[in-house]
Amino acid sequence: IFPGNSGWKKSELTYRIVNYTPDMAAAEVDAAIQRAFQVWSDVTPLTFTRIYNSVADIEISFAAQVHNDFYPFDGPHGTLAHAFAPNNGIGGDAHFDEDETWTSGSRGYNLFLVAAHEFGHSLGLFHSSDPSALMYPTYHFIEPSEFHLPDDDVRGIQSLYGAREVPVVPEQPSNPSSCQPITFDAVTTLRGEILFFTNKTFWRQISQESQAEHHLIKTFWDALPNHIQAAYEYQDKDQVLVFKGAKYWVINGYEVTKDSPKSIYDLGFPRTVRRVDAAVHDENTGKTYFFVGDKFWSFDEKKQAMDSVTPKKIIDGLPGVGSKVHAAFQKNGLLYFFDGHRQYEFNAAKKRVTRVLKSNSWLKC
Amino acid sequence: FPAETPQDSEENAKFAEEYLKNYYNLKTDGVRQGRKKSGSQISEKIRQMQDFFGLEVTGRLDSDTMEMMHQPRCGFVDVGEYN
């Protein structure tokens, strides 16, 4: 948090959108801003009410270059936006550099992601040095539909405002059908079983013959976070590595090792990598493949080092699999790559896709 | 890879100086300062920046540091000083 600033003294805050960027439809801007506030209201008692005709606590504007706050913007790229800590007047206000290209997607800079960061400042959070935190100072695109406020930010904002008081609802899996279309966050084998992670739960396929079980992640591994992003098994060490943000946890059977979580940078990733989308260990080559955006890294488990300082394009190394991989695992010598509701069976020796399946093909419907 | 030219080094140094002014409160009075003093100030600010981002703290503009400096980011500056 900002030194000497304990945040707003009230919990009912107002905001006003002073002007719009021409890059996006006004309704898209409204939606991005509203959702960015919701990121913070979901975990605190704070409420945000939009007003139109008077000065709000948080004034939101788009401006280029010099814009009357002694901190001129710098043209395209570089500084994207800035915001002021809670206070009267300019305090709390958020300014977005109009020289950037703002979008609701992945081209240019996603307004929702940047606004959620800036409103963290507006509420009293300083920058975080945790690369997986929203309050980390550099921009990194993640799919907005997959966004979950990282733990570091939750701890920060709740240190100022406390947690949101909500009725206690017992956390039980909602028991969705395994036959409806499912997208998985991560898939891994574990001592002969296959685990399919999605949100706070996982499906457990014990054998080809059995019906899949559905459990909360926390029921099995209390130390693991929800919404994990990648996982793989390295059988030589009887370990499963689970990834979220810039951290990973090591599971030995049903125990999380005491030295978890660890930093992904210890594996050799550059600091520009802030999350791993998918991971799989290939028993045939002894290599582990880490998928980040449209590229993948090859990791030598024996040497405990990346094979190259630069990653390969997925479309070049794994033809037919698509440009992104969201989950992956290996079974019976074949690699399986998940993208949305699809799954690609890949023969590494032949270097080609041998089958395209539904993502839930392993869960007996 | 092409070898780094003296011109590249000069451009990197200028870029880094601007970056440190914007985000690490590097003070310059607009007049070229003595080489030693200016160099040590900049080096100290580079160290602060490297430490924050978890980079190797060298005080030098190595490739990792330059890569981090080129990433798009939030332009937050110390509001206390502004007040």
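The values are calculated or read from the model by the stated rules, or taken from the named source; none is laboratory data. Keep in mind that this is a model prediction, so the values were computed, not measured. Glycine also receives a Cβ, built like all others from the backbone with ideal geometry; neighbour counts cover every protein chain displayed.
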request  = Go through the stretch A:61-80 and give me each residue that's within 11 Å of another protein chain (Cβ to nearest Cβ) and either in contact (Cβ under 8 Å) with a residue 60 or more places away in the chain or on the phi > 0 side of the Ramachandran plot (or both).
outcome  = A:PHE70, A:HIS77, A:GLY78
note = Of the residues in the stretch A:296-312 that are at pLDDT 95 or above and within 21 Å of the chain's Cα centre (by Cα), the one that is nearest to B:GLY54 (Cα to Cα) is A:TRP297
ask   = Identify, please: which residue in the stretch A:336-365 is over 29 Å from the mean Cα position of the chain (by Cα) and hydrophobic (A, V, I, L, M, F, W, C) and is, among those, farthest from A:GLN208 (Cα to Cα)?
value = A:ALA349
query = What single numbered condition from (1) modelled with pLDDT of 95 or more; (2) out of contact with any Asp or Glu (no Cβ under 7 Å at 6 or more places or on another chain) fails to hold for A:TYR289?
reply = (2)
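Tell me whether the stretch A:30-45 contains one or more residues that are touching a residue at least 12 places away in the same chain (Cβ under 8 Å), within 14 Å of chain B (Cβ to nearest Cβ) and small (Gly, Ala, Ser).
First pass over the stretch A:30-45, keeping only residues touching a residue at least 12 places away in the same chain (Cβ under 8 Å): A:30-37, A:39-45.
Going one step further and asking which of them are within 14 Å of chain B (Cβ to nearest Cβ), we end up with A:36.
Filter again for small (Gly, Ala, Ser), leaving A:36.
Looking for residues that are touching a residue at least 12 places away in the same chain (Cβ under 8 Å), within 14 Å of chain B (Cβ to nearest Cβ) and small (Gly, Ala, Ser), one finds at least one in the stretch A:30-45, hence yes.
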query = Out of all the residues in the stretch A:34-59, which are touching a helix residue (DSSP H, G or I) at 6+ places or on another chain (Cβ under 6 Å) and of a type in the set (D, E, K, R)?
reply = A:ARG35
message = Looking at the stretch A:337-348, can you tell me whether even one residue there is closer than 20 Å to A:PHE290 by Cβ, touching a residue at least 12 places away in the same chain (Cβ under 8 Å), out of contact with any Ser or Thr (no Cβ under 8 Å at 6 or more places or on another chain) and not aromatic (Phe, Trp, Tyr)?
response = yes
remark   = Picked from the stretch A:267-300 (must be within 12 Å of A:TYR232 (Cα to Cα) and aromatic (Phe, Trp, Tyr)), the residue nearest to the other protein chains (Cβ to nearest Cβ) is A:PHE290
query = Taking the stretch A:205-227, which residues are free of Cβ contacts under 8 Å to residues at least 60 places away in the same chain and of a type in the set (A, V, I, L, M, F, W, C)?
reply = A:ILE206, A:LEU216, A:ILE217, A:PHE220, A:TRP221, A:ALA223, A:LEU224
Output for the stretch A:181-239, where each listed residue is more than 21 Å from the chain's Cα centre (by Cα) and among the hydroxyl-bearing types (Ser, Thr, Tyr) = A:THR189, A:SER207, A:SER210, A:THR219, A:TYR234
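Conditions (1) more than 11 Å from chain B (Cβ to nearest Cβ); (2) in a helix (DSSP H, G or I); (3) touching a strand residue (DSSP E or B) at 6+ places or on another chain (Cβ under 7 Å), marked per residue:
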{"site": "A:ASN88", "(1), (2), (3)": "no, no, no"}
{"site": "A:PRO131", "(1), (2), (3)": "no, no, no"}
{"site": "A:LEU134", "(1), (2), (3)": "no, no, no"}
{"site": "A:ILE142", "(1), (2), (3)": "yes, no, no"}
{"site": "A:ASP153", "(1), (2), (3)": "yes, yes, no"}
{"site": "A:ILE157", "(1), (2), (3)": "yes, yes, no"}
{"site": "A:ARG164", "(1), (2), (3)": "yes, no, no"}
query = Inside the stretch A:299-316, can you point out the residues that are surrounded by fewer than 14 Cβ atoms within 10 Å (Cβ to Cβ) and of a type outside the set (D, E, K, R)?
reply = A:GLN304, A:ALA305, A:SER308, A:VAL309, A:THR310
key: Tally of residues being farther than 17 Å from A:ILE194 by Cβ, not in a loop (DSSP other than H, G, I, E, B) and not basic (Lys, Arg) across the stretch A:341-361   = 4
query = Do we find that A:THR188 is crowded, with 21+ Cβ neighbours inside 10 Å and of a type in the set (S, T, N, Q) in this structure?
reply = yes
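Of everything in the stretch A:100-114, what is over 19 Å from A:GLN38 (Cα atoms), outside any strand (DSSP E or B) and under 18 Å from the mean Cα position of the chain (by Cα)? Give them in sequence order.
Step one: of the stretch A:100-114, the residues over 19 Å from A:GLN38 (Cα atoms) are A:100-102, A:106-109.
Keeping just the survivors that are outside any strand (DSSP E or B) gives A:100-101, A:106-108.
The answer is A:SER106, A:ARG107.
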message = Take the conditions surrounded by 14 or more Cβ atoms within 10 Å (Cβ to Cβ), among the aromatic types (Phe, Trp, Tyr) and more than 22 Å from A:SER106 (Cα to Cα) and apply them to A:PHE296. Does it pass?
response = no
request  = Could you tell me whether the stretch B:41-54 includes any residue that is at pLDDT below 90, surrounded by 12 or more Cβ atoms within 10 Å (Cβ to Cβ) and within 14 Å of chain A (Cβ to nearest Cβ)?
outcome  = yes
note = Those residues of the stretch A:115-129 that are assigned to a loop (DSSP other than H, G, I, E, B) and either closer than 21 Å to A:MET24 by Cβ or touching an Asp or Glu at 6+ places or on another chain (Cβ under 8 Å) (or both) come to a total of 2
